[in-house]
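Presented below is the structure to which this report refers.
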Amino acid sequence: MAKDFPTREENYSQWYNDLVIKADLAESSAVRGCMVIKPYGYSIWEKMQAALDKMFKETGHQNAYFPLFIPKSFFNREANHVEGFAKECAVVTHYRLKNSPDGKGIEVDEDAKLEEELIVRPTSETIIWDTYKKWIQSYRDLPILINQWANVVRWEMRTRLFLRTTEFLWQEGHTAHETKEEAIKETEQMLNIYAEFAENWMAIPVLKGTKSPNERFAGAIETYCIEALMQDGKALQAGTSHFLGQNFAKAFDVKFLSKENKLEYVWATSWGVSTRLMGAIIMAHSDDKGLVLPPKLAPIQVAIVPIYRKEEQLEQITEKVKPIIEALTKRGIRVKYDDRNTYKPGWKFSEYEFKGVPVRMAIGPRDLENNTVEIARRDTLEKDILQITDIDLKIEHLLEKIQDNLYQKALSFREDNTFKVDTWDEFKKVVEKGGFILAHWDGTAETEQKIKDETKATIRAIPLNEYFEEGKCILTGKPSKQRVYFAKAY
RNA sequence: CGGGAUGUGGCGCAGUUGGUUAGCGUGCUGGUCUGGGGGACCAGAGGCCGUGAGUUCGAGUCUCACCAUCCCGACCA
C-alpha cells in the first residue's frame, strides 16, 4: 500500500495528496474537481457529523432539508450575495436528453429548455429566506433555528481533496430572530460551538475572531471565524458563523409583527462547517509515517493484531482476546480484531500506522505465557508491554492521553509559530517562514489588499476582545487600536 | 483562462537515432516454506501504448489536431 511517500519537509502538498489517497480517505473522481469519499474517510466525517449534530440539537436547533436547486431570480435579490457567488455557480438549463441524430450517443434536447434556469446551490440563504417568508408573521413564530446537512457546489478553478472541491458536504445553519442582539448572540454561540468542537474533538486549537470586510461572507454584516494553523505554517479557515443583519429579510421581504404591533424585518444568522475539516484534521496531526487521528474521531480506536504460526495458536489468542474486546466495547471503545490470515502481522502494523489508528495491540504466544499484550501508540510511536489485568481501563486512559497530547502538541506548535511583528521588513521576513503574525493594521481594505499583493498574507482573524493596544499600521504607519492575525491561508 | 509537464497491464514507471515477441517494480491468482515491523521462492493471469488523422515498407517512438490529468498563477469555504 504506502511504502514510500514524501516527507512533509520534502514536499508538503504532495505529502498531503498522497496521504489522503493512500490512507484510503478519498480519491478524485471521473468528474473534474469532485471527489469520492471512501468508507474510511466517510466514517470520520460521520463521527464529526454526529458530534456536531448533537451540539446543535442541545442548543435548540432542528434539522430540515431544502432543495438542491435555486431559481436564478432568487440570487439577484441580495446584491452582495450575488456578486460573491455569481462567478462559481453551476447552472441547470435543460431537463431532458434525446438520442443524437447519428444514433451514436445522446445529447441535450434543445426543446427542453427551462424557462428559468436553476442554480445548483452554492449555499442556501436565498431559497431558505424565500421559504421563511411564508413561515414568519408574528414574533411568536420566532426564533427559527434550523440546520441542514447537505452538499453544495462551487465551481472552483483549482481543487484539492477535502480542502477545496467543486462539490462538498457541509452543514448550514440558518436562523431567524426578533432582535439584533439575539441574532448576534446566536452567531457567537455557534462560533463557540465550532471552537469547542475543533478543540475537544479534532484536537486542534483555533483562533476565534471576525473577518475583515474583504474576507467577509457575501451578504453578511459580520463574519466570525475559527482559524487553525497547519503544520506547514499556513492557516486554514475551519468554520464560519455569520451575522446577516436584516439583509436577507429585506431582500426577501420577511417581516413580523412585534409585541408592540409594529411590522419589523427579521434578523438572521447562518453558519457552517464542511468536509474541509477533514483536511484540517489530516494536516494538523499527521506525520511522515502517515495519518494520525485524534481518538475521539478515529473510526478504529484500537486495532488488535494476533501473532501466531499455527491455527491452534490463533484459536488460543482469539479466546484470550474475546473478553478484552468485550470489555473495551463496553466502555464505548471502537475495536477491530484483525484475524485475517491473508496478511502478515508486519503488514498490518504498517497499515494501521498509516491509517492513523491511535492504539495498536499485538498479542502472540509470548504474551499468552505472560498474560500480557504489546501496546503501541500512534502519536508517539512508543511501545509498551502491559499486563492484561484491567487492560480496558488502561486503554481508555491511554486514548484520553493521546487525545490530549495531540491537542497540546498542536497548541505548542501554534504558540511557537505566532509572532508579534512591528515593522514591515520583519513582517515580510516572518511571512516567508509561515505561522500567524500579530500586527497592527489601519483598518482599510486598501491596506489589506496591498499587503496581500506583496506578501500573499491576508487577515485571518480580528481577535475578539484581545490585543487592544495603541500601535501603528504595519504597512502605512497610520494609527491602530488593535493587533490582528495575518497569515498565508489555504 | 495564461505558463509548464505528463498520458504505456490495477498502481508507479522504463522503453536508445522508428525495426518485428512492449518490459520492470508493485499489486493480483495458485502453491510450498513462513509469521513479535511492509517475508522468500516457484508457477500464472493481466496491454487497442490517451483519442483521431497523417508521414513511412514498418509508429509506443516522428508530425498535426483534439481530449484528459497534474503543477504554477488570477478566483475561493
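Per-structure values
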item	result
Long pairs among A:Lys185/A:Lys394; A:Lys87/A:Lys409; A:Lys296/A:Lys322; A:Lys54/A:Lys180, criterion Cα-Cα beyond 31 Å	A:Lys185/A:Lys394; A:Lys87/A:Lys409
Packing rank of A:307-313, A:391-397, where each peptide gets the mean count of other beta carbons within 10 Å, highest leading	A:391-397, A:307-313
Charged-residue dipole, Cβ positions (Lys, Arg, Asp, Glu), the range A:291-413 about Cα centre, Debye nearest 20	360 debye
Selection from A:Phe468, A:Gly435, A:Phe419, by position along the positive dipole direction of the range A:418-487 (Cβ)	A:Gly435
For chain A, calculated [θ]222 nm from helices alone, where every DSSP H run of n ≥ 4 adds -39500 (n - 2.57)	-11000 deg cm²/dmol
Cα extents of the range A:137-239 along the three principal axes, largest first (Å)	50, 29, 29
Farthest toward positive dipole pole in chain A [+1 Lys/Arg, -1 Asp/Glu at C-beta], among A:Ala249, A:Phe5, A:Gln62	A:Phe5
Prolate/oblate/rounded label for the range A:9-90 (Cα gyration tensor, a/c 1.5)	oblate
Dipole magnitude of chain A, debye to nearest 20 (Cβ charges: Lys/Arg +1, Asp/Glu -1, about Cα centre)	200 debye
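Just so you know, all these numbers are worked out from the coordinates, no wet-lab data involved. Values in this document were obtained by computation on a predicted structure and should not be read as measured data. No Cβ is skipped: glycine too gets one built from the backbone with ideal geometry, and neighbour counts run over all protein chains shown.
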